[in-house]
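**Student:** Below: one structure in structure tokens.
The values are calculated or read from the model by the stated rules, or taken from the named source; none is laboratory data. Since the model is a prediction, treat every value here as computed from it, not as a measurement. A quick note on method: Cβ atoms are made from the backbone with ideal geometry, for glycine too, and the neighbour counts reach across all protein chains shown.
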Amino acid sequence: MPIAVKEKPKYAIVAAVQLPSVSDVEFEASLTELRELAKTLGYEVVNKFVQKRSSFDTTAYLGIGKRREIRYFVNNESEFAKFEEKITNPDSRNIDTLLVDHEISPSQARNLENEVDCEVMDRTMVILEIFHRNARSRAARAQVEIARLGYMAPRLREAAKLAGPQGRQRSGVGGRGGGESHTELDRRKIRDRIAELQQEIVAMDAERKTQRARRQERQGLASVALVGYTNAGKSTLMRALTGSEVLVANKLFATLDTTVRALYPESVPRVLVSDTVGFIKNLPHGLVASFKSTLDEALDASLLLHVIDASDPGFVRQLEVTNQVLREIGANVVPRIRVFNKIDHVGDAVMQAERAAALRTQYPDCVVMSAIRSDEVAQLRQKIVEFFQQDQVEDELFLPWSVQQLRGRIYASCQVLEERSDNEGTFFRVRGEPDTVKNLREQFSQVE
Ligand SMILES: Nc1nc2c(ncn2[C@@H]2O[C@H](COP(=O)(O)OP(=O)(O)OP(=O)(O)O)[C@@H](O)[C@H]2O)c(=O)[nH]1
Ligand SMILES: [Mg+2]
């Protein structure tokens with residue numbers, strides 16, 4: 001189920017500080033992404049406020065002039081015109097929220113909120129909120145709740161300071177706690193709740209590990225994990241490759257749980273495909289840690305399909321973010337195929353051909369394709385199957401007449417190239433994993 005639909009539009013403005021180390025392209029790409037994130041939360045972004053600074057303002061992230069400018073805009077005061085004539089807030093829209101493109105400290109958030117006269121959400125809070133809305137399984141919910149509580153705990157203290165003796169309270173960042181006297185209690189409750197959730201997760205992890213081990217035992221080790229930046233098309237490819245109905249949505253972080261399905265039509269060996277959570281720049285630390293178990297699936301896989309949206313102008317940066325996260329979780333040793341997806345979405349046929357040629361030069365062995373073209377999906381499927389067949393050996397197995405009921409095992413785990421019988425039994429010329437063939441031979445020699 002996609003994100004809950006908002007009945008009434010919510011208006012937001014975005015703000016960001018550009019540090020000297022950040023290029024204009026990078027800065028713009030990050031802001032565009034923040035707007036996408038905001039859209040996913042149901043906001044309409046009506047204006048942006050940016051400024052170059054050598055560092056973030058320690059008290060309130062933005063400089064004092066920029067803060068004032070934002071306040072005039074939010075309050076729709078005529079003095080705003082003095083700052084920037086072109087940008088006005090003509091329909092006197094009620095600005096609900098100021099979204100900030102960095103993670104800011106609790107006190108910076110509180111001071112900023114105080115000054116600009118509307119709720120402030122930083123990038124981390126925005127991502128946490130999306131994860132919170134999209135988490136469906138028990139494990140994903142528990143993980144997101146831990147990350148949210150960890151983020152909120154220090155902010156409760158700030159909210160209490162803001163509330164002051166009169167109990168004045170804002171709805172903003174983490175401002176859900178009670179007055180000052182309740183803060184300690186609330187913080188203890190949060191600590192207890194985190195501990196409780198962590199225990200639940202440990203138990204669930206153990207259960208998942210057993211399930212995974214069982215699955216692999218049953219089906220051999222041929223598993224592929226789809227990884228990549230959010231919205232790259234992982235779930236779409238999962239559907240196309242496995243003929244299954246997983247959720248596809250033009251929203252960020254549509255998928256928060258790992259789904260596993262077999263490649264369809266089935267191959268020999270049988271290949272399991274898993275869809276994973278999307279990556280993003282500056283994934284909140286709490287989430288990196290708590291989503292590790294989801295990404296563990298990627299570590300277990302024998303092959304990673306790194307899916308990249310080739311039609312996104314910022315795809316190089318997105319590719320690097322994914323590489324970095326994979327390195328962090330130790331998955332960089334797993335063999336990888338880069339899949340440049342959505343090539344159909346890159347301009348006209350000529351531009352598509354040019355982009356494809358450039359990508360193939362820069363990333364040899366990559367796949368350039370579109371998940372909506374069935375012939376290209378079939379080629380990708382073939383490439384996956386070939387990867388798992390490359391280590392296979394050809395061999396001959398003999399099955400005596402007395403145990404013909406075991407022939408099913410051969411067909412389930414190997415490709416049978418030829419079958420012929422004589423008085424004693426049946427000979428199978430097979431292709432399969434060396435270990436699988438060896439195991440079958442041992443099993444048959446025991447029953448003889
Ligand atoms: N034009 C085009 N659109 C695509 C292609 N592949 C996926 N899409 C669209 O891109 C959007 C995102 O696709 P998903 O498959 O949900 O992306 P994802 O990588 O699973 O995203 P998260 O689960 O958020 O990490 C959807 O609207 C898809 O229909 C493609 O090859 N071409
Ligand atoms: Mg998905």
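**Student:** Hey, can you tell me all the residues within the range 102-117 that are closer than 17 Å to Ala16 by Cβ and in contact (Cβ under 8 Å) with a residue 60 or more places away in the chain?
**Tutor:** Of everything in the range 102-117, those that are closer than 17 Å to Ala16 by Cβ and in contact (Cβ under 8 Å) with a residue 60 or more places away in the chain turn out to be His102, Glu103, Ala109, Glu113.
**Student:** Name the pairs whose Cβ atoms lie under 9 Å apart, with the first residue in the range 296-325 and within 15 Å of Glu33 (Cα to Cα) and outside the structural domain of Gln211 (by TED's automatic domain parsing), the second among the polar types (S, T, N, Q) and part of a helix (DSSP H, G or I), and 6 or more positions between them or separate chains?
**Tutor:** Listed pairs, sorted by first residue: Asp309/Gln318; Asp312/Gln318; Pro313/Thr32; Gly314/Ser30; Gly314/Thr32; Arg317/Ser30.
**Student:** For the range 223-230, state whether one or more residues are within 16 Å of ligand 2 (Cβ to nearest atom), at pLDDT below 80 and under 20 Å from Gln318 (Cβ atoms). Break it down into steps so the answer makes sense when it comes.
**Tutor:** Filtering the range 223-230 down to residues within 16 Å of ligand 2 (Cβ to nearest atom) leaves 224-230.
Of the ones still in play, those that are also at pLDDT below 80 are none.
Taking every residue of the range 223-230 in turn, none turns out to be within 16 Å of ligand 2 (Cβ to nearest atom), at pLDDT below 80 and under 20 Å from Gln318 (Cβ atoms).
**Student:** Here is a follow-up. Kindly establish whether Val334 is surrounded by 13 or more Cβ atoms within 10 Å (Cβ to Cβ) and either in the same structural domain as Leu299 (by TED's automatic domain parsing) or over 30 Å from Leu287 (Cα atoms) (or both). Working first, answer last.
**Tutor:** Values: surrounded by 13 or more Cβ atoms within 10 Å (Cβ to Cβ): yes; either in the same structural domain as Leu299 (by TED's automatic domain parsing) or over 30 Å from Leu287 (Cα atoms) (or both): yes.
So Val334 fits the description; yes.
**Student:** Among the candidates Val268, Val321, Val277, Val307, which residue alone is within 25 Å of Ala147 (Cβ to Cβ) and in a loop (DSSP other than H, G, I, E, B)? Walk me through how you get there before you give the answer.
**Tutor:** Numbers: Val268 fails: within 25 Å of Ala147 (Cβ to Cβ); Val321 fails: in a loop (DSSP other than H, G, I, E, B); Val307 fails: in a loop (DSSP other than H, G, I, E, B).
Matching residue, one of Val268, Val321, Val277, Val307: Val277.
**Student:** Looking at the range 239-280 only, could you name the residues that are at pLDDT 80 or above and within 11 Å of ligand 2 (Cβ to nearest atom)?
**Tutor:** Arg239, Asp275, Thr276, Val277, Gly278
**Student:** Just checking, which of Arg360, Arg355 is surrounded by 11 or more Cβ atoms within 10 Å (Cβ to Cβ), closer than 23 Å to Val224 by Cα and charged (D, E, K, R)? Don't jump to the end; show me each part of the working.
**Tutor:** Details: Arg355 fails: closer than 23 Å to Val224 by Cα.
Unique residue meeting the criteria: Arg360.
**Student:** Taking only the range 327-343 into account, find how many residues are more than 16 Å from ligand 2 (Cβ to nearest atom) and either part of a helix (DSSP H, G or I) or farther than 15 Å from Arg381 by Cα (or both). It would help to see each step written out before you state the result.
**Tutor:** First, the residues of the range 327-343 that are more than 16 Å from ligand 2 (Cβ to nearest atom): 327-338, 340, 343.
From the residues that got through so far, the ones that are either part of a helix (DSSP H, G or I) or farther than 15 Å from Arg381 by Cα (or both) too are 327-335, 343.
So the answer is 10.
**Student:** Moving to a separate point now. Can you tell which of Glu103, Glu158, Glu129 is of a type in the set (D, E, K, R) and crowded, with 19+ Cβ neighbours inside 10 Å?
**Tutor:** Glu158
**Student:** Between a residue in the range 355-381 that is among the hydroxyl-bearing types (Ser, Thr, Tyr) and any residue that is not in a helix (DSSP H, G or I), which pairs come within a Cβ distance under 7 Å, given they are 6 or more apart or on different chains?
**Tutor:** Close Cβ pairs satisfying both conditions: Tyr363/Arg338; Ser370/Asn341; Ser370/Lys342.
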